[in-house]
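**Student:** Have a look at the structure that comes next, please.
The values are calculated or read from the model by the stated rules, or taken from the named source; none is laboratory data. Owing to the predicted nature of the structure, the values given are computational and were not obtained by experimental measurement. Methodologically, a virtual Cβ is constructed for each residue, glycine included, from the backbone with ideal geometry; neighbour enumeration extends over all protein chains shown. Only protein heavy atoms, including side chains, enter the accessible area calculation; ligands, DNA and RNA are left aside. Shrake-Rupley method; radii C 1.70, N 1.55, O 1.52, S 1.80 Å.
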Amino acid sequence: MTYDAVVVGSGPNGLVAANHLADHGWSVLVLEAQPEIGGAVRSAADVHPGFVHDTFSAFYPLGAASAAIRELRLEEHGLRWRHAPAVLGHPLPGQGWALLHRNREVTADLMDSAHAGDGQAWLDLCDEWDRIGGHLVDGLLTPFPPVRAALAGLARLPGVGGLGFVRTLLTPAAELGSTRFGGDAPRILMAGNAGHSDIPLDAPGSGLMALMMTMLGQTVGFPVPEGGAGELSSALARRFTALGGEIRCEAEVTRVLTSRGRACGVGLAGGERVPVRRAVVADVAAPHLFGRLLDRADLPDRVVRGMRGFRMDPGTVKVDWALDGPVPWAEQPAYAPGTVHVADSTTQLTESLGQVAAGAIPAAPFLLAGQMTTTDPTRSPAGTESMWAYTHVPQETAYDAGDGSIRGTWDHDDCDRFADRMQERIERLAPGFGSRILTRRILGPRELEARNANLIGGAVGGGTAQLHQQLVFRPVPGLGRAETGVPGLYLGSAAAHPGGGVHGACGRNAARAALLHDRARRLLPGRRPA
Ligand SMILES: Cc1cc2nc3c(=O)[nH]c(=O)nc-3n(C[C@H](O)[C@H](O)[C@H](O)COP(=O)(O)OP(=O)(O)OC[C@H]3O[C@@H](n4cnc5c(N)ncnc54)[C@H](O)[C@@H]3O)c2cc1C
């Protein structure tokens with residue numbers, strides 16, 4: 001059978017692209033290499049009986065804020081969002097917790113009681129975000145250049161302090177908090193949120209990340225799908241198949257087929273060929289798409305040259321725990337947070353990320369952690385906790401900045417020792433944590449990549465988020481859009497602008513580009529759109 005389009009990969013971007021094309025009446029087939037759909041949005045019930053663990057991603061502020069996902073109205077397809085009592089918490093040894101509550105007044109009160117004046121400064125920041133934040137997020141999530149969102153944002157700029165606000169956006173995360181706040185809580189919350197990407201905290205771009213994630217936390221929260229991350233993928237798939245779309249799992253695409261320079265189908269492992277009439281959308285890692293699935297001869301020189309400079313983001317080690325009780329935090333937070341950041345101070349956080357950037361396995365890794373049953377009680381039996389933490393490690397290890405016991409080969413022993421190091425970080429803050437563990441699962445870089453080929457070396461972001469590989473430089477200088485230089489082939493994965501995170505924007509951008517070029521081809525049959 002010939003489809004209008006094939007989408008290679010069923011991650012959130014692939015499924016958003018597939019829905020978008022099906023909404024326009026296209027016949028679409030999604031081909032997924034793994035036995036299950038969802039890419040890095042999946043959950044597993046086999047870590048411990050009665051527990052659900054998210055295999056990769058867990059919290060979806062970008063999904064809640066992104067028009068690409070919101071417009072699909074997934075709630076009508078069974079998706080239900082759940083929120084923790086507090087969005088985010090950061091235990092400060094000996095000084096309680098820095099907390100982001102869903103209610104900004106509560107957050108402000110907590111900050112003010114720690115440092116007088118910070119409460120009002122927080123509300124002022126929220127007020128500025130209310131006026132301009134939506135346009136910033138829209139601008140980041142639409143194809144480059146984001147003309148409409150930029151114009152709307154510019155119109156509101158004077159109301160939020162003009163160039164002063166632009167300067168805030170450009171201020172590195174390590175400094176951002178101290179320019180507005182006197183206490184530690186807002187500073188470390190923002191710094192930790194910048195640590196969700198691999199932009200060094202002392203580099204421009206990290207402040208924008210810090211501000212955006214923090215203000216999204218304050219405005220839309222860090223929601224999770226009831227029942228597990230996989231429920232988000234299932235809702236996307238249900239919507240798509242209800243429109244007549246088809247999905248095949250265990251169908252690895254090994255070739256993008258071309259005819260006279262135009263993508264005309266895909267080839268599968270095993271030899272089957274699937275022809276397409278209109279487009280191939282690749283929810284595929286850029287190094288795989290341009291380095292394996294296409295012939296060098298099919299690619300424009302600028303793509304080949306640009307890909308030589310393409311850099312993945314760091315690797316990841318993720319640990320999942322099934323706990324027989326709640327995390328025994330030595331100091332109980334006033335409100336239980338879903339997401340927890342672990343670093344003793346902003347200095348230690350900066351140091352840990354800096355070590356990774358320098359090729360060192362961090363001595364005191366910065367942990368991103370999730371208390372999933374606290375956030376969604378369906379994840380494990382009452383009174384227990386489904387918990388995870390992950391942290392980043394170098395793609396190429398130069399040395400271990402800790403006790404020297406980890407080599408960076410990420411075999412079983414390396415992963416086990418490093419998981420112990422991560423666990424000790426929690427044990428110090430929650431004595432007795434280890435005695436609550438029923439089961440521990442460790443996913444090192446190799447295990448992550450084996451479950452999803454896009455996670456090269458355990459990279460979670462589809463390529464570094466640093467400025468030199470963002471916007472018009474993503475994935476290669478001069479692209480910044482879904483077009484690949486091969487007519488009929490669109491890059492719809494996190495390797496494309498705007499990059500990592502579950503927002504579906506890369507997929508929607510790819511689908512829109514395919515629709516636009518198809519219309520142009522029909523109107524101007526002689527022309528070869530990019
Ligand atoms: C451990 C971890 C934690 C994360 N936490 C969060 C979080 O909390 N919140 C958040 O917003 N983001 C988070 N992220 C990032 C987010 O999950 C990704 O940015 C997002 O899933 C990217 O979506 P995608 O569709 O581009 O690719 P993916 O989700 O990676 O999906 C790609 C899919 O394509 C398939 N595929 C690839 N090549 C082929 C081929 N040749 N043939 C067939 N199929 C193929 C893969 O098997 C996979 O299913 C996390 C990521 C990881 C790994």
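**Student:** Using a 1.4 angstrom probe, figure out how much accessible area the chain has per residue, in square angstrom, rounded to the nearest whole.
**Tutor:** It amounts to 38 Å² per residue over the chain.
**Student:** Taking each full run of DSSP H in the chain as one helix, which ones are at least 30 Å long along their axis (Cα atoms) and have mean Kyte-Doolittle hydropathy of at least -1.0?
**Tutor:** Helix filter hits for the chain: 118-141.
**Student:** How large, in percent, is the carbon and sulfur part of the accessible surface of region 233-389 at a probe radius of 1.4 Å?
**Tutor:** Numbers: 2910 of 5940 Å².
C and S fraction of accessible area: 49 percent.
**Student:** Next up: Could you look at region 63-220 and say what percent of its accessible area is carbon and sulfur, using a 1.4 Å probe and all protein chains?
**Tutor:** 55
**Student:** With a 1.4 Å probe and all protein chains kept in place, how much accessible area does Met1 have, in Å² rounded to the nearest 10?
**Tutor:** 150
**Student:** What ranking of Arg305, Arg278, Arg260 comes out by heavy-atom accessible area, probe 1.4 Å, highest first?
**Tutor:** Values: Arg305 140, Arg278 45, Arg260 220 Å².
From most exposed to least exposed: Arg260, Arg305, Arg278.
**Student:** From the helices alone, meaning DSSP H stretches of at least four residues, give me the mean residue ellipticity at 222 nm for the chain, per-run term -39500 (n - 2.57), in deg cm²/dmol to the nearest 500.
**Tutor:** Computed mean residue ellipticity for the chain: -11000 deg cm²/dmol.
**Student:** Please state the Cα pair-distance histogram of the chain with 20 angstrom bins from zero: what percent is in each bin?
**Tutor:** The distribution over the chain is 23, 57, 19, 1, given as percents.
**Student:** Rank Ser345, Val356, Thr378 by how far each Cα sits towards the positive end of the charge dipole of region 288-383 (+1 on Lys, Arg Cβ; -1 on Asp, Glu Cβ) and give me just the farthest.
**Tutor:** Result: Val356, furthest along the dipole toward the positive end.
**Student:** Quick one: ranking Leu140, Leu293 by accessible area, 1.4 Å probe, largest first, what do you get?
**Tutor:** Final ranking, largest accessible area leading: Leu140, Leu293.
**Student:** Convert each backbone phi in region 42-47 into a coupling constant with the Karplus relation 6.51 cos²θ - 1.76 cosθ + 1.60 (shift: θ = phi - 60°), then list the ³J(HN,Hα) values in order as whole Hz, x for Gly and Pro.
**Tutor:** 9, 10, 10, 10, 9, 6
**Student:** Also: Let me check I've understood the local charge: for Asp118, count other residues with C-beta under 11 angstrom from its C-beta, Lys and Arg +1, Asp and Glu -1. What total comes out? Show your work: numbers first, answer last.
**Tutor:** Numbers: positive: Arg180, Arg187; negative: Asp109, Asp112, Asp124, Asp184.
It works out to a net charge of -2.
**Student:** Follow-up. Charges at C-beta only: +1 for Lys and Arg, -1 for Asp and Glu. How large is the resulting dipole of the chain about its Cα centre, in Debye rounded to 20?
**Tutor:** 2460
**Student:** Could you give the dipole magnitude of region 172-291 about its Cα centre, charging the beta-carbon of Lys and Arg +1 and that of Asp and Glu -1, in debye to the nearest 20?
**Tutor:** Roughly 760 debye, rounded to the nearest 20.
**Student:** Now, a different point. Over region 464-521, what is the mean sequence separation of C-alpha contacts under 8 Å (at least six apart), divided by residue count, expressed as relative contact order in percent?
**Tutor:** Normalised by residue count, the contact order of region 464-521 is 28 percent.
**Student:** How much accessible surface area, in Å² rounded to 10, belongs to the heavy atoms of Arg512 with a 1.4 Å probe?
**Tutor:** The value for Arg512 is about 100 Å².
**Student:** List the GluC sites (Glu not before Pro) within region 1-83 that fall in a DSSP loop (any state other than H, G, I, E or B) and whose Cβ has at most 14 other Cβ atoms within 10 Å. Before the final figure, lay out the partial values.
**Tutor:** On the way: sites: Glu32, Glu36, Glu71, Glu75, Glu76; in loops: Glu32, Glu36, Glu71.
In loop regions of region 1-83 (DSSP not H, G, I, E or B), the sparsely surrounded GluC sites (Glu not before Pro) are Glu71.
**Student:** Would you grab the residues whose amide H sits under 5 Å from the one on Val47? Only those 5+ places off in sequence or on another chain, please, with H modelled 1.01 Å from N.
**Tutor:** His53
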